[in-house]
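Below is the structure I would like to discuss, written out as structure tokens.
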Amino acid sequence: MTSKEIRQSYKDFFQSKEHRIVPSAPMVIKDDPTLMFTNAGMNQFKDVILGNAPIKYPRVADSQKCLRVSGKHNDLEEVGHDTYHHTMFEMLGNWSFGDYFKKEAIEWAWEYLTEVLKLDKDRLYATVFEGAPEENLERDDEAASYWEKYLPKERIINGNKKDNFWEMGDTGPCGPCSEIHIDIRPESERAKVDGLTLVNNDHPQVVEIWNLVFMQYNRKADGSLEQLPAKVIDTGMGFERLCMAVQGTLSNYDTDLFQPIIGKIGEISDKKYGEDEKVDIAMRVIADHVRTIAFSITDGQLPSNAKAGYVIRRILRRAVRYGYTFLNMHESFMYRLIPTLIEVMGDAYPELEAQQGLIEKVMKEEEESFLRTLETGIKLLERNLPEKEGGVLSGEVAFKLYDTFGFPLDLTELILREHGMSADVAGFNAEMQKQKDRARNAAAVETGDWTKVHDGEPEFVGYDETESTAHILRYRAVKQKKSEFYQIVLSRSPFYAEMGGQVGDSGWLISETGEKIEVFDTKRENNLAVHLTKKLPQNLEGVFTAKIDTDKRTATECNHSATHLMHEALREVLGNHVEQKGSYVSPEVLRFDFSHFQKMTPEEIRAVEVKVTEKIRSNFPIEEHRHVPIEEAKAQGAMALFGEKYGDDVRTVRFGTSIELCGGTHISSTGRIGTFRIVSEGAISAGVRRIEAVTAKVCEEYLYAKEDILTSIKNLLSNVPDVMQGINRLIADNEEMKKELQEFIKEKTEQVKLKVIEHKTVINGVDVFKAILPVGSPDVIKDIAFQIKGQFPENMMFVGATAANGKPNLTVMLTDDLVAKGMHAGNIVREAAKLIQGGGGGQPHFATAGGKNAERLNEAIESIIKLLKS
């Protein structure tokens with residue numbers, strides 16, 4: 001059976017057992033802050049198992065794409081070096097939520113393996129939980145009794161708590177499990193050593209293929225166990241290992257899940273699998289890793305330098321390095337494996353083909369980026385290798401490889417292990433800390449000493465006043481890179497110093513003589529408000545009027561107050577799990593980061609806008625209370641904001657039912673906000689979303705721009721009274737024109753085909769059809785090729801070419817009998833493509849190529865004809 005047939009047979013079998021077949025959840029998790037990737041089939045049913053979500057279907061089955069590269073489940077170091085570990089893998093699973101239990105799970109597992117897949121019963125073993133006296137847990141005799149119907153007792157093996165008692169975490173559902181192992185060794189090996197001694201002993205041909213978990217207990221916080229009211233079956237079978245067993249191979253990588261990809265790697269690198277162990281490992285690593293990278297990108301996780309993105313980047317760079325060192329691949333190549341991957345897995349996971357362009361583009365750019373520094377980095381590493389085996393590479397060199405050449409530490413360690421060496425990890429970490437310290441100091445400024453002008457302590461009066469008289473208490477000069485400015489501390493200041501996401505005020509210092517000094521920003525340093533100016537007043541000892549830019553302050557306050565209203569509206573619309581995770585409030589925009597585990601729908605966004613607008617129209621006055629004991633404020637329902645530090649006494653700000661702890665400035669009443677619109681909503685990390693919105697004058701300008709666009713559309717549609725009706729009419733007209741164009745193309749294609757057939761030539765007994773079109777799509781040539789093959793199914797070669805927009809394309813089609821004689825369309829077109837400065841390839845019977853030099857297109861065609869003549 002092929003892998004596609006095996007996967008489908010599993011779904012069909014459990015569908016016949018009344019299971020609901022559900023699609024795979026994404027491999028990249030966006031709605032569970034405890035996980036970056038799906039690492040088991042049960043992840044998508046976690047809420048159901050925990051009782052946090054209703055049971056929609058009591059019986060479920062699927063094939064789930066999983067990734068294990070970090071934490072407890074980390075198979076990365078084994079991948080490629082053995083035959084059965086992977087980063088990305090598929091898990092076939094079936095679940096029962098309070099429905100059937102051990103008897104049916106075991107019965108159906110045996111039926112599927114032995115009757116549907118026809119696996120040899122004599123090669124199968126089962127393990128059962130041996131019990132744990134310290135927890136008053138007895139041996140799982142129930143599961144053993146069911147297995148005794150199918151297996152002799154000696155092949156039912158007791159397993160310890162580590163192997164045969166599954167737990168979701170420190171607390172929660174848990175229970176015994178029963179693993180099914182298979183011995184796929186050749187008969188000669190089985191005759192020498194009993195498979196019983198190899199179960200759970202890391203033998204590459206005696207492996208676990210299926211784990212049946214019987215969740216019947218709940219682990220309480222005190223460690224004790226209680227029976228679950230609704231028992232759960234959770235099974236997981238490694239698809240790659242199952243294919244190995246069914247297809248009779250001794251390695252997962254010898255199955256049809258990997259061999260086409262490995263074959264393509266060999267074709268690209270001009271290496272053969274099975275002749276050199278180091279080459280074989282490299283091919284296995286790349287074949288595994290390309291699946292991981294492709295599926296991660298389809299699920300929305302691009303390579304990056306942070307969290308889940310960095311995991312994917314590490315895997316990609318690991319694969320690039322294996323190709324570079326052992327396959328002599330010094331140019332990007334992995335992206336070229338994606339079409340083959342789609343051929344293998346695209347039927348089950350159509351998202352691969354749907355996002356093929358994105359996958360290839362991202363992979364190619366990532367490969368090229370790393371390759372630019374890889375060679376230099378490897379040379380540096382080789383120059384600094386310890387003198388003898390067992391030596392340790394300095395942490396300084398390991399960090400330089402990371403910082404300068406993009407080598408993740410685990411990649412450096414991998415290369416060192418190949419030489420029998422290791423890295424000074426502690427030294428690496430020390431260098432990393434130094435860099436972090438330097439980064440913190442990069443923004444540091446050179447400051448002069450404070451110059452005292454007047455005695456006194458600064459006072460902030462900005463909650464109540466927009467201008468005040470003040471003395472300069474002290475000042476100092478500041479140099480930062482090429483700029484120089486001054487920091488000034490005032491005795492009484494209405495200027496709000498940047499804090500809590502709200503930008504600092506700007507404005508002016510006006511002397512008694514009328515000298516006007518611009519304050520371009522106000523910052524907070526060590527809890528001290530400092531006013532930034534480009535120059536100092538002429539008379540530092542005089543009395544000044546400190547006056548803020550009220551237009552800027554008012555616009556900022558509108559956005560800040562709207563942030564409070566929106567926070568409350570989000571909780572009303574989405575739920576009380578919404579919490580602020582960060583904010584930025586300026587005169588132009590408000591940005592609000594909040595906890596939520598999925599993209600907001602347009603309806604939810606509109607609902608938030610409506611609720612905020614209602615609160616604005618209600619014209620709630622600000623109710624502000626200063627020096628409120630923090631416990632009293634919390635008792636009133638005030639929400640603390642992310643990133644703020646609070647003392648024993650706090651300030652509360654209330655608008656209607658919205659009450660928060662806040663040190664920022666606000667509008668006097670919500671009606672002054674005027675208008676509010678959300679302009680964007682999106683994810684910034686797992687479980688955290690970001691909204692950007694506008695208010696007041698900026699919002700009005702935003703709405704005017706929308707109206708202008710609508711007016712422009714109406715003008716383009718000749719001022720139709722109903723814009724949507726006009727657009728729909730335009731779309732309908734366009735579709736009709738497309739149909740007419742398709743009919744025209746179809747007629748022209750038929751005419752071209754008849755002319756090609758009319759000019760058929762015979763070379764060495766082969767019917768040769770040649771079509772060269774100066775314009776048109778390569779798809780037209782492809783259509784003609786397949787039509788002619790349908791009319792001439794034997795002893796036929798078709799050679800076609802187009803030069804649309806100056807870009808030449810070649811097409812070669814062969815009938816199956818010519819392929820059987822050794823001809824290969826991919827090889828033929830690849831060679832001819834060199835003449836048009838291009839490349840390509842394909843299957844033995846059909847292949848295409850593109851190039852840059854259209855002037856040599858005829859020459860390329862003749863080279864193919866010449867090849868046939870020879």
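The values are calculated or read from the model by the stated rules, or taken from the named source; none is laboratory data. In this text, all values refer to a predicted model and were calculated from it rather than measured experimentally. Cβ sites come from the backbone with ideal geometry, for glycine too, and all protein chains shown count toward neighbours.
Which residue is nearest to GLU366 (Cα to Cα), if the candidates are limited to region 397-430 and must be surrounded by 15 or more Cβ atoms within 10 Å (Cβ to Cβ) and touching an Asp or Glu at 6+ places or on another chain (Cβ under 6 Å)?
Within region 397-430, the match that is nearest to GLU366 (Cα to Cα) is PHE399.
Scanning region 212-222 for residues that are surrounded by fewer than 23 Cβ atoms within 10 Å (Cβ to Cβ) and out of contact with any Leu (no Cβ under 7 Å at 6 or more places or on another chain), which turns out farthest from GLN44 (Cα to Cα)?
Once the filter is applied, the top-ranked residue is ASP222.
Which of (1) within 21 Å of GLN502 (Cβ to Cβ); (2) exposed (fewer than 12 other Cβ atoms within 10 Å of the Cβ); (3) not basic (Lys, Arg) is the odd one out, the single condition LEU661 does not satisfy?
Single failed check for LEU661: (2).
Taking region 133-152, which residues are surrounded by 17 or more Cβ atoms within 10 Å (Cβ to Cβ), under 17 Å from ILE180 (Cβ atoms) and not acidic (Asp, Glu)?
Correct list: ALA143, ALA144, TYR146, TRP147, TYR150, LEU151.
Which residue pairs have Cβ atoms under 9 Å apart, sit 6 or more places apart or on different chains, and have a first residue in region 234-260 that is assigned by TED's automatic domain parsing to the domain that holds ARG284 and at positive phi and a second that is modelled with pLDDT of 95 or more and buried (at least 24 other Cβ atoms within 10 Å of the Cβ)?
The qualifying pairs do not exist here.
Quick check: is even one residue across region 128-139 outside any loop (DSSP other than H, G, I, E, B), under 40 Å from the mean Cα position of the chain (by Cα) and either at pLDDT 95 or above or among the aromatic types (Phe, Trp, Tyr) (or both)?
Yes; the residues of region 128-139 include at least one that is outside any loop (DSSP other than H, G, I, E, B), under 40 Å from the mean Cα position of the chain (by Cα) and either at pLDDT 95 or above or among the aromatic types (Phe, Trp, Tyr) (or both).
Ok, one more. Is it the case that region 591-602 has a residue that's over 17 Å from GLU498 (Cα atoms), under 40 Å from the mean Cα position of the chain (by Cα) and of a type in the set (Gly, Ala, Ser)?
Checked region 591-602: at least one residue is over 17 Å from GLU498 (Cα atoms), under 40 Å from the mean Cα position of the chain (by Cα) and of a type in the set (Gly, Ala, Ser).
Now for a separate question. Looking at this structure, is GLU208 surrounded by fewer than 23 Cβ atoms within 10 Å (Cβ to Cβ), under 23 Å from TRP95 (Cβ atoms) and touching a His at 6+ places or on another chain (Cβ under 7 Å)?
Criteria met by GLU208.
Can you find, within region 382-427, the residue that is farthest from GLU78 (Cα to Cα) among those that are outside any helix (DSSP H, G or I) and of a type in the set (D, E, K, R)?
Selected residue: GLU387.
Out of (1) within 36 Å of the chain's Cα centre (by Cα); (2) outside the structural domain of THR613 (by TED's automatic domain parsing), the odd one out for ILE678 is which?
All conditions pass for ILE678, except number (2).
Given region 655-758, what strands (runs of 3 or more DSSP E) lie entirely inside it while holding 3 or more residues that are in contact with a strand residue (DSSP E or B) (Cβ under 7 Å, 6 or more places away or on another chain) and not aliphatic (A, V, I, L, M)?
676-685, 688-695
For GLU465, are the conditions met, namely being within 30 Å of GLU692 (Cα to Cα), touching a residue at least 12 places away in the same chain (Cβ under 8 Å), surrounded by fewer than 16 Cβ atoms within 10 Å (Cβ to Cβ) and not polar (S, T, N, Q)?
yes
Being at pLDDT 85 or above, acidic (Asp, Glu), out of contact with any Leu (no Cβ under 8 Å at 6 or more places or on another chain) and surrounded by 15 or more Cβ atoms within 10 Å (Cβ to Cβ): is that true of ASP32 here?
Here the answer is no, as ASP32 does not meet what is asked.
Let me ask something additional. Being polar (S, T, N, Q) and farther than 15 Å from ASP299 by Cβ is the filter here, so list the residues in region 334-385 that pass it.
THR340, SER369, THR373, THR376, ASN384 - these are the residues of region 334-385 that are polar (S, T, N, Q) and farther than 15 Å from ASP299 by Cβ.
Quick check: is even one residue across region 821-832 under 22 Å from PRO339 (Cα atoms), touching a Phe, Trp or Tyr at 6+ places or on another chain (Cβ under 7 Å) and without any contact (Cβ under 8 Å) to a residue 24 or more places away in the chain?
Checking region 821-832: at least one residue is under 22 Å from PRO339 (Cα atoms), touching a Phe, Trp or Tyr at 6+ places or on another chain (Cβ under 7 Å) and without any contact (Cβ under 8 Å) to a residue 24 or more places away in the chain.
So which of THR815, THR802, THR811 ends up being modelled with pLDDT of 90 or more and more than 37 Å from the chain's Cα centre (by Cα)?
THR815
Output the qualifying pairs, or none if there are none: Cβ atoms under 8 angstrom, residues six or more apart or on different chains, first residue in region 75-97 and in the same structural domain as PRO54 (by TED's automatic domain parsing) and at pLDDT below 90, second residue of a type in the set (Val, Ile, Thr) and part of a loop (DSSP other than H, G, I, E, B).
Every condition considered, the pairs that remain are ASP75/THR87; LEU76/THR87; VAL79/THR87; HIS85/VAL79.
Right, next: Just name the residue that is nearest to ARG677 (Cα to Cα) out of those in region 578-605 that are touching a residue at least 12 places away in the same chain (Cβ under 8 Å), part of a loop (DSSP other than H, G, I, E, B) and of a type in the set (Val, Ile, Thr).
Out of the qualifying residues, it is VAL589.
Out of the residues in region 144-171 meeting the condition of being touching a strand residue (DSSP E or B) at 6+ places or on another chain (Cβ under 6 Å) and either farther than 25 Å from MET244 by Cα or among the β-branched types (Val, Ile, Thr) (or both), tell me which one is modelled with the lowest pLDDT.
THR171
Does region 145-165 contain at least one residue that is under 35 Å from the mean Cα position of the chain (by Cα), aliphatic (A, V, I, L, M) and assigned by TED's automatic domain parsing to the domain that holds ARG59?
no
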